[in-house]
Each structure stands twice: as C-alpha cells, then as structure tokens.
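Peer 1: Here you go, one structure.
Each reported figure results from applying straightforward, stated rules to the coordinates on display, with no laboratory input. All values reported here derive from a predicted model rather than from experimental measurement. For neighbour counting, all protein chains shown are included, and Cβ atoms are generated from backbone atoms with ideal geometry for every residue, glycine included.
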Amino acid sequence: MIEQRILTLSRTAAERAVQVRRDFHRYPELAYTEFRTASLVARRCTELGLLVTMGPAVVKAESRLGLPSEAELTEAYDRAAREGADPEFLPHTRGGFTGVVAELVGGRPGPVIGLRGDFDALPIHEAQAETHRPAREGFGSVHLGLMHACGHDGHAAIGLAVAEVLAALRPELAGTYRFIFQPGEEGGKGAVPMVDAGVVDGLQYLLACHLGMDAPSGTIYPVVGEFLASTKLDVTFRGAAAHAAGRPEEGRNAMLGAAQAVQGIFAISRHSEGPSRVNVGVLRAGSGRNVIPDHAFMQLEVRGSNDAVEAYMVKRARAVIEGAALANDLAVEVKSAGRTTTAVCDPAMGAVVAAAARAVPGVRVMDEVLSVGGSEDATFMIRRVQEQGGLATYIGIGSDLPTGHHTPTFDVQDRDFFGGIATLALTLERLGAKGLA
Ligand SMILES: [Zn+2]
Ligand SMILES: [Zn+2]
C-alpha cells in the first residue's frame, strides 16, 4: 500500500532532513542573499529528477521590495561561493534571484498541487553558550550577526524531504507537484515577486507550513489563522550639520525629527475595528557629540488584523513622519521594505491534512485553528490560489522551543521532522489521487 511506503520513506527522509537543516543552520542568509541555500536546494531537486526553474522567471525583478544594495548582494554571493554553494546553480541566483521552483510530474494525470517553504534567516546574533544546542553540537551560525531563528532552515529541509519521498513514488502518483522555495519571508519581501512571476498560477491546491509557533512537539495543526496584514517602512531624514555651540541655529536636526516621529508613531490611536501592532525597531542618527545630526535612519512596521486597520496604521505613521520632518525643516524619504496581507485557510483543505496526519504514528492532530502570532507573506500566495478557484491551507508543525521565535537561543526539535514530512507527503499524494474526497 502506497501510504505505508510513504511512512517508511518519510523515516529515511526525516533523518536526512535533520542533517540538511543543520547545514542550512550553519550558513544563514538574509532576504535575497540566500545564494548558497538556493543553489543547494536546486542541486538536490535536480538530483531527485525534478524540473528546476530559477531566476527572474520565478522571482519578478521589479516586485522585489527591500532588495539589498549591489555591494551587499555581491559580498553575500562571494561568501556563498566560498562556503560550498553549488557552482552549477549559483550563477542563476546572482543579483538577488534566490527563489527556486521545482516540479515533479506524476505518472498519471491529475491536479497541480503546490508546497511552499521559505528559507531566509534573521539579523540576530546566535547564542554561543554550551546550553544552546546548535552551539554545543557544532551547527551554530558561522555568520556573525545572522541566524536561523525562525525555523526556516527546517522548512527548506522539510520541503526537500517531501520531494524525496514523492520522487521515489513518481510513476504511481497522479498530478503535478510544484515545490516552491521562497526567499525573504521575514519582513514580507519574497512572496509578492514570486506571485507576480506566476509561480502559483494554475495550482488547484496549495500547502504552506511553519515549524514551532505555539504548538508543542508531536502536534499538527491543519489550519493556522489570524494572519496580520503588515507594512514595513524604511525612513531617511536629512537635515543640515552645524557646530553645536557656535552655530546651532544653522543646523537642522535629523535626529530630533526622527525621535519625535518615534514618539508620535507609538502614540497612534488604536482602531475600533480590530487589533493593531506598531514597532520602530531601528533608529540610527548622528555622527558626533558636538555636531547637529544631519541624518537619521529608521525601520518601522505597522500591522493590523484586517486590511482597513492596517491601511489606517500606515496612513497615520506616514503623516506622523511627514509632520516631524516639517516641524524640523528636514527632507524625508519613506520607502516600503516589505508587506504581508491577511488570508483565511480553506477548512476543506484542513480536513484532508487532518485525515493524513491521523495516519502518521506519533502525531496528535489538533482541531482548533492555531494563531500564527504575527504575519506571513504566504498569505499572498494563498489569496492568489483562492482567487483562481483553488484551495489552500497553512499548517502548523509543532515543536517544543527552548525560547521563542526571533531569539538568540531559538531551536527546533529533530524528532518533529518526521511527523511534518509524513503528513505533508501523505496529504500531497492524497490530493493528487483523490482530491478532497
Ligand atoms: Zn520569523
Ligand atoms: Zn517564520
């Protein structure tokens, strides 16, 4: 029976996935610089017999928000080349085209089914203490100040493992399986350019997943919800420098303008139609104690539980920024660096996932909808698939976390890979063979 073979194959694939995840964990890469990771993902998919597409065909150039500078892209690319990137596939990622799409065509006709995973890291300095397992077991980040602190290293490894399982059964499968490896999920950067390139067009079904969140080890949540719409803004204030004692009246103080903007942004009133969030996470300004600061840079984000609340937060934040600039006679530039939207998963898809997960030994299927506890740009893919009449769900793969997402001591448990891989592989096979039945 095919299901038994999927479980057996998933055991082997999970052992490999744990090792692959450790390798990705050692070499974290930020949005659009996942050169090493993408090249190795493409290499593995090709070895498995999948048809790989890369470059602008899967990441629309003009849709990329928050693209690093040319110098940053080149530096990260060269680093990837030194650190074991695949020499054949690496050139396809040059310039920040780090998405990978790989298709597996089954032996029988059937629907087109997508599985989306992300693989970017965060600007966090990973803990070096022996109490932190990646440090103790030798797979801590070798990139100072960068870390896989959200589990996306695991998502990439899981995606490859599911591809491995299904590739072994290819002649018996119905339909086409499209594996979508997305760059830059953090900060809502990578999904829109992939959607705009058409990578989810033609999908009848789409699955996406996340490790950890608030779900304990051994659990599978077939449906995740409460995605917050969000907008990330990069703001630059420019004023004029002057001697702080000799000619203060000739200065135009960019730091003061930015500081007033920070206060004003946090003071934006709540909205009666739903929860919102706001954070200014970066503020850099000035150059010396006795110089009126002529520049200031800040990074902020606003979020809302629906599009109207989020739009209100963006509008108010922009007004505050412009007001602070005006009050201090500053020039200001506001750039969008990323965004996410809301989405609602299809319960019918959740039911297929739940039925598949129940066939996996050691997995506990949870009935309630798991709150994502933040934002996800997979929502753009979910929405696009649903607009075309397809169905989608976002799955929570539980894992006991030593500390929360986006902290220096974040880690996931090896034992949770099997349940996630087997559930996804079974779900994909069933959707191909039987659809929602
Ligand atoms: Zn994250
Ligand atoms: Zn994440």
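Peer 1: For helix 347-358, what angle does its Cα long axis make with the longest principal axis of the chain, in degrees from 0 to 90 and rounded to 10?
Peer 2: 60
Peer 1: How many percent of Cα pairs in the stretch 69-108 exceed 15 Å? Present the calculation step by step, with values, prior to reporting the outcome.
Peer 2: Numbers: 379 of 780 pairs.
The answer is 49 percent, as a whole percent.
Peer 1: What is the helix-to-structure angle for 2-26, meaning the angle in degrees between its Cα long axis and the longest Cα principal axis of the chain, kept from 0 to 90 and rounded to the nearest 10?
Peer 2: 30
Peer 1: What order do you get for 342-348, 367-373, 218-224 when each peptide is scored by the mean count of other beta carbon atoms within 10 Å, highest first? The partial results should precede the final answer.
Peer 2: Details: 342-348: 19.3, 367-373: 15.1, 218-224: 23.3.
Taking the mean over residues of other Cβ atoms within 10 Å, the ranking is 218-224, 342-348, 367-373.
Peer 1: For the stretch 389-405, what does the Karplus curve 6.51 cos²θ - 1.76 cosθ + 1.60, with θ = phi - 60°, yield as ³J(HN,Hα) per residue in whole Hz, taken in order and with x for Gly and Pro?
Peer 2: Computed from phi, the couplings for the stretch 389-405 are x, x, 10, 8, 8, 10, 10, x, 9, x, 7, 5, 9, x, 9, x, 4 Hz.
Peer 1: Starting at the first residue of the stretch 258-272, write each ³J(HN,Hα) from the Karplus equation 6.51 cos²θ - 1.76 cosθ + 1.60 with θ = phi - 60°, in whole Hz, x for Gly and Pro.
Peer 2: With the stated coefficients, the stretch 258-272 comes to 5, 4, 5, 5, 4, 4, x, 5, 5, 8, 4, 5, 5, 10, 6 Hz.
Peer 1: With a 10 Å radius around each residue's Cβ, average the other Cβ atoms per peptide and rank 426-434, 305-313, highest first. All intermediate terms of the calculation are to be shown ahead of the outcome.
Peer 2: Details: 426-434: 22.4, 305-313: 18.8.
Per-residue Cβ counts within 10 Å, averaged per peptide and sorted highest first, yield 426-434, 305-313.
Peer 1: Answer rounded, prolate or oblate for the stretch 277-355, using the Cα gyration tensor with square roots of eigenvalues a ≥ b ≥ c: rounded when a/c is under 1.5, else prolate when a/b is larger than b/c, else oblate. Walk me through the numbers on the way to the answer.
Peer 2: Values: a/c = 4.90, a/b = 2.65, b/c = 1.85.
Because a/c hits 1.5 or more and a/b exceeds b/c, the stretch 277-355 counts as prolate.
Peer 1: For THR407, THR93, what ranking results if the residue with the fewest other Cβ atoms within 10 Å of its Cβ goes first?
Peer 2: Numbers: THR407 17, THR93 29.
So the ranking, lowest neighbour count to highest, is THR407, THR93.
Peer 1: Counting only C-alpha contacts under 8 Å and six or more residues apart, can you give the relative contact order of the chain as a whole percent? Walk me through the numbers on the way to the answer.
Peer 2: On the way: 1071 pairs, mean separation 99.4, N = 437.
Normalised by residue count, the contact order of the chain is 23 percent.
Peer 1: OK, next. Tell me, rounded to the nearest percent, the portion of alpha carbon pairs in the chain spaced more than 41 Å apart. List each step's numbers first, then the result.
Peer 2: Numbers: 17224 of 95266 pairs.
Everything past 41 Å amounts to 18 percent.
Peer 1: Between LYS232, LYS315, LYS60, where does the largest GNM mean-square fluctuation fall for the chain, given springs only between Cα atoms within less than 10 Å?
Peer 2: For the chain, modelled as a Gaussian network with Cα springs under 10 Å, the answer is LYS315.
Peer 1: Under the classification rounded if a/c is under 1.5, otherwise prolate if a/b is larger than b/c and oblate if not, where does the stretch 1-149 fall, given a ≥ b ≥ c as square roots of the Cα gyration tensor eigenvalues?
Peer 2: Working: a/c = 2.20, a/b = 1.19, b/c = 1.85.
Here the stretch 1-149 falls in the oblate category.
Peer 1: Rounded to the nearest 500, what is the chain's calculated 222 nm mean residue ellipticity when only DSSP H runs of at least 4 contribute -39500 (n - 2.57) each, over all residues? Working shown, then result.
Peer 2: On the way: 11 runs with 152 residues, N = 437.
So the helix-based figure for the chain works out to -11000 deg cm²/dmol.
Peer 1: Right, another one. How much length, in nm to one decimal, is gained on full extension between ALA308 and GLU3, taken as 0.36 nm per residue of separation minus their Cα-Cα distance? Kindly include the intermediate steps, with their values, before the conclusion.
Peer 2: Details: separation 305, 0.36 × 305 = 109.80 nm, distance 4.47 nm.
That pair, ALA308 and GLU3, stretches by 105.3 nm at full extension.
Peer 1: Treat the stretch 259-312 as a sphere of radius equal to its Kirkwood radius over Cα pairs and apply Stokes-Einstein at 10 °C in a medium of 1.306 mPa s; give the translational diffusion coefficient in µm²/s, rounded to a whole number.
Peer 2: After rounding, the answer is 124 µm²/s.
Peer 1: Could I have the simple spin-label model distance between ALA245 and SER63, label points 7 Å from Cα toward Cβ, reported in nm to one decimal?
Peer 2: Modelled inter-label distance: 5.8 nm.
Peer 1: How much length, in nm to one decimal, is gained on full extension between ALA267 and GLU83, taken as 0.36 nm per residue of separation minus their Cα-Cα distance? Present the calculation step by step, with values, prior to reporting the outcome.
Peer 2: Details: separation 184, 0.36 × 184 = 66.24 nm, distance 4.56 nm.
Using 0.36 nm per residue and subtracting the Cα-Cα distance, I get 61.7 nm.
Peer 1: Further, regarding this structure: Loop-only GluC sites (Glu not before Pro) in the stretch 179-253, please: DSSP not H, G, I, E or B, and at most 15 other Cβ atoms within 10 Å.
Peer 2: Values: sites: GLU185, GLU186, GLU226, GLU249, GLU250; in loops: GLU185, GLU186, GLU226.
Those that pass, being in a loop and sparsely packed, are GLU226.
Peer 1: Compare the peptides 415-421, 29-35, 209-215 by average per-residue count of other Cβ atoms within 10 angstrom and give them in order, highest first.
Peer 2: Values: 415-421: 25.0, 29-35: 27.4, 209-215: 23.3.
The densest-packed peptide leads the list: 29-35, 415-421, 209-215.
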